[in-house]
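Participant: Sharing a structure with you now.
The values are calculated or read from the model by the stated rules, or taken from the named source; none is laboratory data. Model, not experiment: these values are computed from the prediction. Quick reminder, even Gly has a Cβ in these numbers, built from the backbone with ideal geometry, and neighbours come from all protein chains shown. Calculation scope for accessible area: heavy atoms of the full protein, side chains included, ligands and nucleic acids excluded. Shrake-Rupley method; radii C 1.70, N 1.55, O 1.52, S 1.80 Å.
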Amino acid sequence: WDNADFSRGVGTTFYQEFHTLNTIKPPFVRDVEAKIRRYLRSSYSAAWTLKITWVKALPYAAQTDTRRTNTYQAILTTDGFRSYVLMLYQQGGMQWDYTRLTAPNVLIGYT
């Protein structure tokens, strides 16, 4: 989630928080729960979920070419005991020209 540059007026970031402990869960949260259950083969019931979306983000430091943007999401969720993060990227993966980035150690995902 690092090295995005919004200083040129291109792209934006949105977030939405879902408090779902003892409440009716919206379809989005039910979908997150289903993904965790399917991928991890474990029972899971979210108490809190945060969806962050970066839309048309440019790499830092933004060059004059504003066509190579990335759209991606991070979904953080917890049941109060276990916590998970889902990272979703636009179809086609990384659109930034990684050879022109200021940081040479580019990574999609986490370490």
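Participant: Give me the net charge for the shell around Leu40: Cβ to Cβ below 14 angstrom, other residues only, Lys and Arg +1, Asp and Glu -1.
Facilitator: Values: positive: Lys35, Arg37, Arg38, Arg41, Arg82; negative: Glu33, Asp79.
Once all neighbours under 14 Å are counted, the net charge is +3.
Participant: In degrees, nearest 10, range 0 to 90: what is the angle between the Cα axis of helix 27-40 and the longest Cα principal axis of the chain?
Facilitator: The answer is roughly 90 degrees.
Participant: Can you give me the pair-distance distribution of the chain, C-alpha pairs, 5 Å bins, whole percents?
Facilitator: 2, 11, 20, 19, 16, 12, 10, 8, 3, 0
Participant: Shifting gears a bit: Multiply the residue gap between Phe81 and Arg100 by 0.36 nm, knock off their C-alpha separation, and tell me the result in nm, one decimal place.
Facilitator: 2.7 nm
Participant: A follow-up question, please. What percentage of the solvent-accessible surface of the chain, computed with a 1.4 Å probe over protein heavy atoms, is contributed by carbon and sulfur atoms? Spell out each step's value before the answer.
Facilitator: Details: 4060 of 7620 Å².
Roughly 53 percent of what the probe reaches on the chain is carbon or sulfur.
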